[in-house]
Structure formats: structure tokens, C-alpha cells
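Visitor: Attaching a single structure in C-alpha cells format; questions to follow.
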Amino acid sequence: MAKILVENLYKIFGDHPEQALKLLREGCSKDEILEKTKQTVGINNVSLAVNEGEIFVLMGLSGSGKSTLLRCLNRLIEPTSGRIVLDGREITHVDEAELREIRRKRLGMVFQRFALFPHRTVLDNVAYGLEVQGVNRQERSEKARAVLELVGLKGWEDYYPANLSGGMQQRVGLARALVSDPDVLLMDEPFSALDPLIRRDMQDELLSLQSQVNKTIVFVTHDLDEALKLGDRIALMKDGAIVQLGTPEEILTRPADDYVRRFVEDVDMPRVLTVEEVMKPAEAVALRDDPGVALRRMRELGLSSVFVVTRDRKLAGLVTADDALVAAGRNEEDLSGILIQDFPRTAPGTSVSEIILVLADSRFPVAVVHEDGRLLGTVGQVQACL
């Protein structure tokens, strides 16, 4: 079951949304509807599922509907039509009392602007949500201190927001959202107001934090590099609708249309793609094979070397055609005597950019190896330049 399920969601801004809905369903565009009805289409028939524990990114240009969609999830903006389901419970029409409880305890939100209380200390800013819930002072102080340590602000509890840098203030905002231990974090362009270097640091911090707390995160950004870095999956939006939804690799390598293609055309592919996305299946011979078998296999594949694996597919080494020819002349029974270990290896999650220089200095392809030692694939110079 999805953590969050959105089905056929619409948001029309204006006094007569039913007019716009009718025209949308007849195929009229957002601009046509604005001209004919003076109603603005914010969200246009969006359906999606957010899985538990993933960072789901809503991306698009200004006016694409990404922030509107995020705010519909906790009903800061009321949808015009459609369903929003949280853990199997539809929350689209729950009453105000239940909605307040959901916002306080299950849906934390981090805004672009830090929205900290200037007259409250860092500790009291973080503890504010617990104070509203009626948690006693000692308990909320303990929880706030623990979360501040989690986001790297231990020792700053008694300072005021004016004493903190922009990145530190945003960490306070993140801690405030985390202190009530919500199931879901909704993050609306939280790093866009920061300087580029601080922004990258905060992205790294978020990924590090996510590895510890494993929250479900819906993250809004207009920055493609940020989306590619953070997102397990990305929904690219235009005119209130989702144009393409997929993993970063799917969007980069298989854009759905010309709009997506133009969006991603300037991306530095080697920096974004991982080895796993470009590797070829590994051609290998068995350690127990004799040199003649290895020679025949290399001739069939047009290779001058081939990887060698054990019975359980663990990488044992590599043999060259020259060495196999000599070993065959000596009637050696297996390949153990001619194994080469001096060749590049990498993990499947390595970025392609990290291995380009390695390949340039090596006469052998890169072996892609699982953490348990299994050979998964190979990357040569052609794949690394894709």
C-alpha cells in the first residue's frame, strides 16, 4: 500500500470551478480556460502514489502546480475534486479537528522561508509544535534537544534565529518539522533561498538525515540538479499536470516528450548517471575452465581479455588472450595460474564521472561488483561516454 495516494486531483482557483472542470474534461488547455472563464487551473487530473520511505520530488517551472499540489496534500489548499489517501485513510474530507491532528502529528512541513519566531530561542522554536499539542515543558525540551542534535545544531539551543546563518535557520525549520515524529515530511523548496554552497551542503545533510530517520518525503523544487540528486522518483509537472513520473535515470534517458527532453538536455549525464545504468552484462568464464575454453570464448566475443568467476559468480580475476595461449601450450587444467588482479573495479552506485579517468588509464574494462563480490557487469570507454 502506498503511503500517500492521490487520485484524479483537481484544483481550480476562482468563483466557478465547475465551469473550468467541464472544459478541462473536454480537452481545453489551461490558457483557454483562463480566457473563457477567468478561472485558473492549479492542478489538472493528477494521480500518483508516494511509497513509504522514499524521497518523492515534485519538479517544474514556476506556475507548474508543484507547490499547489504539495499544499493540497495537507489541505492548506483545498482540492476542487479528487481523493487524497494517507495510509489507506482518505483525508480529503475529514473535519477540521481531525485535520489539525493529522497536520500536528503525521504531516510535518518545511517552508522555503524559515518562518522562525525571532523572539524565541532555537530550542523554543523547535519545541513550539509540541507546546501547541500540550506536551509538558520538560518532555518537549528533551525531544527538541534530541532533534537539534540530529540535524547538527547541538550547542545552539539558547541562541536566537538572528544569530544563525541561513543554512542553520533552515536546519531549525527541519528540526521543528521532525520533533513531533511525523510520518511524512512535506518540503516546499526549502533550500532555494540559500547560497549555492550552503544549498549543496543542506542537500547532503538531508540525504544523511534520511538514512537515519527514513521518513516519507515529498520535496518540491524547480532545480533539476537538486531533483536528480535527492529524488528516488520525480514527477515533472507542467500546467498543473504531470508530464512524466519516473526515476531520475528514466527521465534522463527516456524523456516522455519534447518538453521533458528540453528540460534535461543540458544535464551532465556522466555526473548524474550511475554505473549500474550504463553497464553491459558481464561476459565471463569459470575459474575451473581450461585455458582453451577461455581462448575460444574471447575469440567468439572479439575480446582480448575476459573476467573469471567462481561457481557462485564471485569475481576471481581476469585473464588475457596472450596468457591463456601460453597456458594452453603448457596444458594447464584451469585458469588459477594466470589470473590478473590489477584491473579497475567499482560498485553499481558509483557515478559514471568517477570512472572516466580510471578507464582512460586502464587497458581493461571496469568490473562492476556487488558488495558480496559477485560480478554484475562491465563498463568500457564507450558506455562511460554515453
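Visitor: Using beta carbons and a limit of 7 Å, which pairs, at least six apart or on different chains, have the first residue in the stretch 149-173 and over 14 Å from T121 (Cα atoms) and hydroxyl-bearing (S, T, Y) and the second one buried (at least 18 other Cβ atoms within 10 Å of the Cβ) and modelled with pLDDT of 90 or more?
Guide: none
Visitor: Oh, and also: Just one of E250, E265 is surrounded by fewer than 18 Cβ atoms within 10 Å (Cβ to Cβ) and within 23 Å of L5 (Cα to Cα); which is it?
Guide: After applying the criteria, what remains is E250.
Visitor: Right, something else. Looking only at the stretch 154-192, filter to residues that are assigned to a loop (DSSP other than H, G, I, E, B) and loosely packed, with under 15 Cβ neighbours inside 10 Å; which one of those is modelled with the lowest pLDDT?
Guide: Residue satisfying both the conditions and the ranking: S192.
Visitor: T68 versus (1) of a type outside the set (A, V, I, L, M, F, W, C); (2) under 24 Å from L224 (Cα atoms); (3) in a strand (DSSP E or B): which is the lone unmet condition?
Guide: For T68, the failing item is (3).
Visitor: Which members of the stretch 301-354 meet the condition of being aliphatic (A, V, I, L, M), over 10 Å from L287 (Cα atoms) and surrounded by fewer than 18 Cβ atoms within 10 Å (Cβ to Cβ)?
Guide: If the condition is that a residue be aliphatic (A, V, I, L, M), over 10 Å from L287 (Cα atoms) and surrounded by fewer than 18 Cβ atoms within 10 Å (Cβ to Cβ), then L301, L303, A321, L325, V326, A328, I340, A347 are the ones that fit.
Visitor: Additional query: Filter the stretch 209-250 for residues that are touching a residue at least 24 places away in the same chain (Cβ under 8 Å), of a type outside the set (D, E, K, R), assigned to a helix (DSSP H, G or I) and under 30 Å from D181 (Cβ atoms) and give the result.
Guide: L209, Q210, Q212, V213, A227, L228, L230, P248
Visitor: Still on this structure, I have one more. Considering every residue within the stretch 245-266, establish whether at least one is in contact with a helix residue (DSSP H, G or I) (Cβ under 9 Å, 6 or more places away or on another chain), over 30 Å from L9 (Cα atoms) and of a type in the set (S, T, Y).
Guide: No - not one qualifying residue is present in the stretch 245-266.
Visitor: List pairs: first residue in the stretch 109-124 and more than 26 Å from V218 (Cα to Cα), second residue of a type in the set (A, V, I, L, M, F, W, C) and in a helix (DSSP H, G or I) anywhere in the structure, Cβ distance under 7 angstrom, at least six positions apart or on different chains.
Guide: If the second residue must be of a type in the set (A, V, I, L, M, F, W, C) and in a helix (DSSP H, G or I), the pairs left are P118/A162.
Visitor: Out of curiosity, is S180 closer than 20 Å to R145 by Cβ and without any contact (Cβ under 8 Å) to a residue 24 or more places away in the chain?
Guide: No: the conditions fail for S180.
Visitor: Taking the stretch 88-108 only, how many residues are free of Cβ contacts under 8 Å to residues at least 12 places away in the same chain and assigned to a helix (DSSP H, G or I)? Talk me through it step by step, then tell me what you get.
Guide: Initially, the stretch 88-108 is screened for residues free of Cβ contacts under 8 Å to residues at least 12 places away in the same chain, giving 89-90, 93-98, 100-101.
Within this subset, residues satisfying the condition of being assigned to a helix (DSSP H, G or I) are 96-98, 100-101.
Adding up the residues that qualify gives 5.
Visitor: Right, something else. If you check R83, R89, which single one turns out to be surrounded by fewer than 17 Cβ atoms within 10 Å (Cβ to Cβ) and in contact with a strand residue (DSSP E or B) (Cβ under 7 Å, 6 or more places away or on another chain)?
Guide: That would be R83, the only listed residue that is surrounded by fewer than 17 Cβ atoms within 10 Å (Cβ to Cβ) and in contact with a strand residue (DSSP E or B) (Cβ under 7 Å, 6 or more places away or on another chain).
Visitor: What's the number of the condition S29 fails, among (1) within 22 Å of P17 (Cβ to Cβ); (2) polar (S, T, N, Q); (3) at pLDDT 90 or above?
Guide: For S29, the exception is condition (3).
Visitor: Is it fair to say T253 is among the polar types (S, T, N, Q), closer than 19 Å to L48 by Cα and touching a residue at least 12 places away in the same chain (Cβ under 8 Å)?
Guide: Values: among the polar types (S, T, N, Q): yes; closer than 19 Å to L48 by Cα: no; touching a residue at least 12 places away in the same chain (Cβ under 8 Å): yes.
So T253 does not fit the description; no.
Visitor: Can you pull out every residue in the stretch 202-231 that is more than 25 Å from Q244 (Cα to Cα), surrounded by 15 or more Cβ atoms within 10 Å (Cβ to Cβ) and among the charged types (D, E, K, R)?
Guide: The one that is more than 25 Å from Q244 (Cα to Cα), surrounded by 15 or more Cβ atoms within 10 Å (Cβ to Cβ) and among the charged types (D, E, K, R): E205.
Visitor: Sticking with this structure for a sec: Which of (1) at pLDDT 85 or above; (2) within 31 Å of the chain's Cα centre (by Cα) does Q112 not meet, given it meets every other one?
Guide: With respect to (1) at pLDDT 85 or above; (2) within 31 Å of the chain's Cα centre (by Cα), Q112 is out only on (1).
The values are calculated or read from the model by the stated rules, or taken from the named source; none is laboratory data. Source: prediction; values computed, not measured. For neighbour counting, all protein chains shown are included, and Cβ atoms are generated from backbone atoms with ideal geometry for every residue, glycine included.
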